[in-house]
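See structure below.
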Amino acid sequence: PGVNVYGPSADGGYTYMTGTSVAAAHVAGAAALIFAWDIRSKPATYLSSTNLKTTLVRGARRAATRIYPNNEWGYGILDLYNSFEQMRLQ
């Protein structure tokens, strides 16, 4: 999620950004949504940080031609929808 992300710039306009800082913001937002969903679910499971990581990793999209985790893609491409599906099916 950290490549060519369109967002606000320091000069008041908008720009494209790439990097781990951008990716970290996306993953933090995804984690917050999963925590909020878990709190609202009945019964709430009270996710630990380890379970949250497992949920995100299981939901990630992966290319069949790569071995994961790796230095370029980590555990794969963040797929929040699939992460929610993984939680729903458990």
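Scanning the stretch 41-81 for residues being under 18 Å from A23 (Cβ atoms) and in contact (Cβ under 8 Å) with a residue 24 or more places away in the chain gives a total of 6.
So which residues in the stretch 54-84 are more than 15 Å from A36 (Cα to Cα) and part of a helix (DSSP H, G or I), if there are any at all?
Of everything in the stretch 54-84, those that are more than 15 Å from A36 (Cα to Cα) and part of a helix (DSSP H, G or I) turn out to be T54, V57, R58, G59, N82.
Among the candidates A30, A25, A10, the residue that is of a type in the set (A, V, I, L, M, F, W, C) and not in a helix (DSSP H, G or I) is uniquely A10. Of all the numbered requirements in (1) closer than 24 Å to V5 by Cβ; (2) surrounded by 14 or more Cβ atoms within 10 Å (Cβ to Cβ); (3) not acidic (D, E), N70 misses one, and that requirement is (2). Within the stretch 46-53, is even one residue surrounded by fewer than 13 Cβ atoms within 10 Å (Cβ to Cβ) and at positive phi? Yes, because at least one residue in the stretch 46-53 is surrounded by fewer than 13 Cβ atoms within 10 Å (Cβ to Cβ) and at positive phi. When you scan the stretch 12-26, do you find a residue that is closer than 17 Å to D79 by Cα, touching a helix residue (DSSP H, G or I) at 6+ places or on another chain (Cβ under 8 Å) and either surrounded by 11 or more Cβ atoms within 10 Å (Cβ to Cβ) or at pLDDT 90 or above (or both), even just one? For the stretch 12-26, residues closer than 17 Å to D79 by Cα, touching a helix residue (DSSP H, G or I) at 6+ places or on another chain (Cβ under 8 Å) and either surrounded by 11 or more Cβ atoms within 10 Å (Cβ to Cβ) or at pLDDT 90 or above (or both): absent.
For first residues located in the stretch 2-24 and in contact (Cβ under 8 Å) with a residue 40 or more places away in the chain and of a type in the set (S, T, N, Q), partners that are surrounded by 11 or more Cβ atoms within 10 Å (Cβ to Cβ) and in a loop (DSSP other than H, G, I, E, B) and lie 6+ apart or on another chain with Cβ distances below 7 Å do not occur. For the condition within 16 Å of M87 (Cβ to Cβ), among the acidic types (D, E) and either without any contact (Cβ under 8 Å) to a residue 60 or more places away in the chain or loosely packed, with under 15 Cβ neighbours inside 10 Å (or both), D38 qualifies.
The values are calculated or read from the model by the stated rules, or taken from the named source; none is laboratory data. Keep in mind it's a predicted model, so treat the numbers as computed, not measured. Neighbour counts run over all protein chains shown; Cβ positions are idealised from the backbone, glycine included.
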